[in-house]
Structures are given as structure tokens and as C-alpha cells.
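The values are calculated or read from the model by the stated rules, or taken from the named source; none is laboratory data. Computed from a prediction, not measured in an experiment: that's the story for all the values here. Every residue, glycine among them, receives a Cβ derived from its backbone with ideal geometry; neighbour counts consider all protein chains shown.
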Amino acid sequence: MTALGFPEATGLARLRSIRVRVRPGIAISSVIVLLLLVALIDPGLLTTRSPTAIDLEHTLLPPSLSHPFGTDDAGRDLYTRVVYGARESLSIGLGATGLAMAIAVLLGFLGGLAGGIVDIVIARVLEVAFAFPVLLLALLLIAIYGPSLQTEIIAVGIGSAPGYARMVRGQVLAVRKAAFIEAATALGHRRAAVIGRHLFPNAMRPLVAMITLGIGQSIVWASALAFLGLGVAPPSPEWGALLDSGRLYITTSWWLEILPGAVIVLVALSVTSLGRALQHHLEGAAR
Amino acid sequence: MSIVGEATVTTVASRRPAARPVARTVRRIIVKVVTAVLVLLGAASVTYFSQYLVPGNRATAILNEQQGRAQQYSAAQLAPVNHKFGFDKPVVVQYLDYIGGLFRGNLGTSYTQFKPVTQVIGAELLPSLVLTVCGLVAAWVIAVAVILLTAKRRRFISALGSTWEALTASLPPYWVGVVLLVVFAVEIRIFPVIGGTSVLGTVLPVLTLALPLAGFLGQVTRDEFEKVLDEPFITTARTRGMGDTAVRLVHALRHSVLPAVTLSGWALGALVSGAVIVENLFGRPGIGQVLVTAVNSRDVPVVSGIVLVVAAVYIVANLLVDLTYALIDPRLRDT
């Protein structure tokens with residue numbers, strides 16, 4: 001603006017120009033993720049009640065000022081339970097995404113670097129894996145090992161790994177052809193050094209955003225399993241478990257299902273949109 | 001799929017440069033079909049060997065499941081179970097029996113019900129298929145309607161459309177289902193809470209499946225649609241005096257649905273996952289209910305049977321999408 005000779009906007013006009021640049025979606029997402037972090041570090045900061053305090057005189061109360069999310073069948077404050085459940089839900093999301101990424105990076109790099117028959121075999125294995133929908137593969141694993149927290153994490157992790165593996169493989173193949181890799185090889189660097197110092201960091205960069213996207217997805221998948229009664233068992237305030245225990249009362253006490261579900265949706269949406277923003281940012285930096 | 005296929009096609013082409021396009025198309029189709037069969041075989045191997053992962057002795061697990069308690073059994077008690085399920089044969093023979101059985105439509109025997117898996121699944125397949133197909137069709141109808149009404153309109157309306165798509169695309173099916181159920185079956189009593197397979201009871205399950213998918217398909221189509229509307233041939237059509245609605249319907253839509261069609265094959269997996277949840281939420285008969293019951297009783301043959309059937313449907317559907325492309329799109333045919 002100033003370069004063109006226009007005076008620098010001041011006061012209200014300037015405020016307005018700043019407001020336009022802050023995208024509202026990103027702002028809301030950041031606030032939600034911030035609240036989530038507070039809930040992870042110290043749930044007591046967001047609520048004064050206890051997630052396990054049973055109050056049989058106030059069961060199944062609809063949302064009100066004193067109970068913003070209402071109460072459940074044992075009179076426990078649902079909002080407090082959601083806040084305390086964040087830790088477990090997010091650790092499931094992190095665990096599953098971590099496992100999925102570990103498998104994906106291993107297969108993707110192996111295929112992308114080794115090439116030849118190894119790559120063909122890995123590509124075929126992934127193709128077979130793609131034929132199984134995430135939820136069904138997860139259910140198969142739960143049928144084999146029985147429902148538990150560990151199985152849930154492993155099931156969601158393995159279920160979502162093939163998608164990431166394909167992306168990692170594509171990334172490795174793309175970076176491998178880049179001029180700076182050729183340059184490094186031409187300069188006489190050892191293969192291991194080229195891979196470790198140049199290829200790996202550059203191929204991994206877009207994965208940072210993918211991990212963020214993956215956490216949101218994993219929380220949703222894990223809560224879907226719990227919704228089917230195959231995840232973390234109900235007395236826990238884990239979000240999926242809240243959905244599972246609320247299903248009995250769906251025709252009378254809507255808040256038990258809809259509100260924890262809305263929190264899952266909001267968290268997944270926020271994490272995802274921050275991940276997307278990060279992705280755009282990183283891609284912009286790469287160009 | 002393409003690595004082997006491409007290699008064969010190029011060598012053939014280089015040896016005989018005058019290879020007729022028809023012959024090339026036939027060759028391409030054969031390669032695709034063979035690959036699909038191999039992938040199917042791979043999927044069957046996965047479901048077969050997954051049964052070996054069950055911890056502990058399988059015959060003991062089966063007897064425990066039937067008796068409803070955990071205990072040890074003598075060899076004499078285990079022998080008939082081992083014989084019935086073929087556990088006493090070598091692994092290779094069991095595997096070949098399983099694969100051979102698949103060709104005769106035999107998916108193994110249920111651990112809990114002692115009858116063929118095909119019988120357990122059998123009647124439940126149709127309602128699930130109806131639900132999935134209706135879900136896909138409804139998703140397309142919603143996606144196309146939203147695009148036609150909102151894409152490249154006034155800024156506010158366009159933004160409304162794309163926000164709607166972004167929002168619905170990220171909603172998990174169970175939550176959509178719960179909200180629809182509470183609003184339209186509990187608060188406003190238009191639809192039944194547990195609808196079975198009646199037409200009225202199918203509306204909410206179908207919508208539950210369709211809304212998130214419609215958002216996803218819409219997001220993919222919108223970009224293409226808006227790009228196409230800027231093309232010179234659209235301007236030409238307008239100068240011929242063609243109305244806006246006709247331009248959108250006849251020209252723009254046709255050119256912009258291709259990516260979403262491809263993704264519909266892929267979306268089948270998401271639809272089936274959604275159907276499992278929807279059937280359990282709405283108490284609708286189908287493989288979803290059977291599946292969850294089987295997972296709970298750890299009846300691995302039934303679970304892996306259903307998983308294999310779904311994988312087979314997915315592979316065949318995507319093969320069909322692929323083949324349709326090879327036949328329709330000249331650009332793909334000649335490469």
C-alpha cells in the first residue's frame with residue numbers, strides 16, 4: 001500500500017485490515033486446540049467438579065447453567081467427564097497415528113528407495129490392504145485379540161497405515177528425482193549420507209501436516225469403535241466410551257450422545273483445519 | 001497395478017508399432033482383470049491367515065465359546081472339534097482347502113453357530129447392499145443439487161455451499177445418525193426410531209450415509225465445476241443464447257463429475273464402514289449387526305468372511321470403474 005503512495009491505514013481502518021487477514025476458521029480452531037491442551041495438562045482448570053462424583057438425586061438432567069452438558073444416568077456432570085476424557089481420547093489418537101506413521105514410513109521408504117521387486121511387492125501389499133475398509137480391518141483385529149485399549153490403538157493404527165504408506169512412497173519417489181539429490185550424489189557423498197541428510201528430511205516435511213490430520217481421523221475412528229461397544233469400556237470418561245454408554249438413553253436424553261459427539265467433531269475439525277493450514281504453509285515454504 | 005501393465009504394453013507396442021488399438025485395449029483389460037484376481041487372492045490369504053493369529057488353542061477357544069466358560073479340555077474332547085474344522089490337517093492343505101472352498105462359495109464354518117459362514121451372512125447381505133447403493137445414489141443427488149445451486153453464484157451463496165460441504169464431509173456417520181435420529185424420530189416424530197427394512201425406516205439410515213459422502217463428493221466436484229465455467233466453450237454456449245441452468249446442467253456438470261466418479265469406487269469402503277455403524281444405530285438388519293455380534297463373540301471365521309466379501313465387492317467395483325474408463329476415455333485408452 002505504502003509503496004504505491006497511499007497513506008498507511010491507521011486506527012479502525014488498520015484494525016479492519018488485520019481482521020481480514022486472520023481467517024475465522026483458523027482462529028476458532030486455534031482456540032479449541034488451546035482449550036484441548038489445557039484439558040490435557042490440567043483438567044481441573046476447566047471444571048471444578050469431579051468426573052466420577054455420583055449424584056443420584058440429579059440423574060439425566062438436560063443441559064442447564066450449572067450442568068452445561070447435562071448429567072448422565074448416575075448424575076455425573078457430562079461436561080466434566082468430557083474434559084477429563086480428553087487425555088485418554090487424545091492418547092488413543094496419538095498412539096494410533098504414531099503406529100500408522102511408523103508402519104507407513106517403514107514401508108514407504110523401503111519401497112521408494114529399494115525400488116525393483118521390493119517396491120512391486122510393497123505396492124501389491126498396499127493394494128490388497130486398500131481393499132479392506134479401515135473400520136472392517138479394525139473389527140477383524142478386535143475379533144482376533146479381543147476388545148481392549150491396546151487392541152483399539154493397534155486396530156486404528158494398522159487400519160489407517162496403508163493410506164499414509166502410499167503417500168510416503170509417493171513423496172520418497174518425488175524427492176528422489178529432485179535436482180539437489182542428484183547434486184549431492186554427483187558431489188560424491190555416500191548413499192547413506194544423501195538419504196539421511198537430504199532425502200529423509202525433505203520427504204518427511206509434508207508428513208508433519210499429515211500427522212496432524214491423522215490424529216483427528218484416529219480419534220473419530222476410535223470413537224466409532226467405542227460407539228459399537230468395542231473400544232474402551234464405559235465407566236471411563238473416554239469420549240468413545242461416553243457415546244457407548246449414552247446409546248441406551250438416546251430416545252430420552254439426547255445430550256448424552258449429541259454433545260460428546262459434537263466435541264469429537266469440533267476437535268477433529270479443528271486439528272484437521274490447523275493441519276491443512278500447516279500443510280499450505282509448508283508447501284508455500286518449499287516453493 | 002500399472003507397473004507391470006505398462007511394461008507389457010510398451011514392449012508389445014515397440015515390437016509391433018502397428019498394434020491395433022483394439023488389441024491394446026483387450027490386452028489392457030486382461031492385465032487389469034488378472035491383477036484384480038491376484039489382489040483378491042491376496043485379500044483371501046489375509047483373511048485366512050488372520051485366523052491363525054487368534055491367541056491360544058483354537059479348538060479350546062471354540063469349546064469355551066460354546067460352553068460360555070473358560071476351562072481346559074482333554075485331547076479326546078478336542079479331537080472332534082479339530083476334525084470338524086480341519087485343524088488336524090497340515091497348514092498348506094488347510095489353506096488350499098480354504099481357497100478352493102471360496103471358488104465353491106464356501107467361506108468356512110462359524111465358531112459359535114457351527115454352521116457355514118455363508119448361511120450366517122446369506123440373508124443379511126441384501127439389506128446392506130440396498131442401504132449402501134441408496135446411500136451412494138442419495139449422496140450424488142445431494143452433491144449435484146448443492147453444486148448446481150451454489151457453485152459460482154454470489155459470493156455469500158458460494159461460501160455457504162462450500163462451507164456446508166466442508167462441514168458435512170468431516171462429520172462421522174455415527175454423529176450424523178444420532179442427530180437425525182434425535183431430531184426426526186424422537187423430537188419430531190416423522191420417522192420410526194427402529195425402522196427395520198421398511199421404506200420409511202430406510203430414509204434416516206440412507207441420509208446418515210449420504211450426507212458426509214455428499215460433502216466429500218461436492219468438495220471434489222466444486223473445484224472442477226468452477227474451473228469449467230471459466231472455459232471458453234462455456235462462453236461460446238452462452239453466446240449461442242443458452243440459459244444459465246442449461247449451461248450448468250448440460251456442459252459444466254458433464255465435464256466436472258469425472259474425478260468424483262473415480263472416487264465413488266474408493267468411497268465404497270467408507271460407505272461400508274458407515275453402513276456397519278448405521279445398521280447398529282438404527283437396529284437395521286444387515287451384515288453390520290452380524291459383524292458386531294461376531295466380533296463380540298470373537299467368531300473369527302464369520303468376521304473374516306464378511307471382511308472378505310466386502311473386500312471382493314470393493315475390488316470388483318473398482319475394476320469396473322477402471323474398465324469403464326479404459327473404454328470411455330480416449331486419452332486413457334491411447335496412453
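Here are the numbers for the structure shown:
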| item | result |
| --- | --- |
| Members of segment B:63-78 that are closer than 21 Å to B:ARG298 by Cα and among the small types (Gly, Ala, Ser) | B:GLY68, B:ALA70 |
| Qualifying residue in segment B:52-66 (condition: more than 14 Å from chain A (Cβ to nearest Cβ), modelled with pLDDT under 75 and farther than 30 Å from A:ILE122 by Cα) | yes |
| From B:VAL295, B:VAL303, B:VAL307, residue being crowded, with 21+ Cβ neighbours inside 10 Å, without any contact (Cβ under 8 Å) to a residue 12 or more places away in the chain and not small (Gly, Ala, Ser) | B:VAL295 |
| Answer residue from segment A:114-161, given it is farther than 26 Å from B:VAL278 by Cα, among the small types (Gly, Ala, Ser) and assigned to a helix (DSSP H, G or I) and is farthest from the other protein chains (Cβ to nearest Cβ) among those | A:ALA114 |
| Failed criterion for B:ALA138 (all others in (1) touching a Phe, Trp or Tyr at 6+ places or on another chain (Cβ under 9 Å); (2) among the aliphatic types (A, V, I, L, M); (3) under 30 Å from B:SER273 (Cβ atoms) hold) | (1) |
| Residue ID - surrounded by the fewest Cβ atoms within 10 Å (Cβ to Cβ), chosen from residues in segment A:22-67 that are in contact (Cβ under 8 Å) with a residue 24 or more places away in the chain, in a loop (DSSP other than H, G, I, E, B) and β-branched (Val, Ile, Thr) | A:THR52 |
| All positions within segment B:184-202 that are within 9 Å of chain A (Cβ to nearest Cβ) and under 21 Å from A:PHE227 (Cα atoms) | B:ALA185, B:VAL186, B:VAL193 |
| Tally, over segment A:242-259, of residues that are in contact with a Leu (Cβ under 7 Å, 6 or more places away or on another chain), at the interface with another protein chain (Cβ under 8 Å from one of its Cβ atoms) and not in a loop (DSSP other than H, G, I, E, B) | 1 |
| Number of the exception - A:ALA262 against (1) away from every other protein chain (no Cβ under 11 Å); (2) not in a loop (DSSP other than H, G, I, E, B) | (1) |
| Check on A:TRP255, among the aromatic types (Phe, Trp, Tyr), within 20 Å of B:ASN280 (Cβ to Cβ) and crowded, with 21+ Cβ neighbours inside 10 Å | no |
| Number of positions in segment A:265-287 that are within 11 Å of chain B (Cβ to nearest Cβ) and either basic (Lys, Arg) or over 15 Å from the mean Cα position of the chain (by Cα) (or both) | 1 |
| Qualifying residue in segment B:150-171 (condition: assigned by TED's automatic domain parsing to the domain that holds B:VAL292, under 19 Å from the mean Cα position of the chain (by Cα), under 18 Å from A:PHE227 (Cβ atoms) and not polar (S, T, N, Q)) | yes |
| Among the residues listed as A:ALA178, A:ALA143, A:ALA203, A:ALA209, the single one being farther than 30 Å from A:ILE258 by Cβ and buried (at least 24 other Cβ atoms within 10 Å of the Cβ) | A:ALA203 |
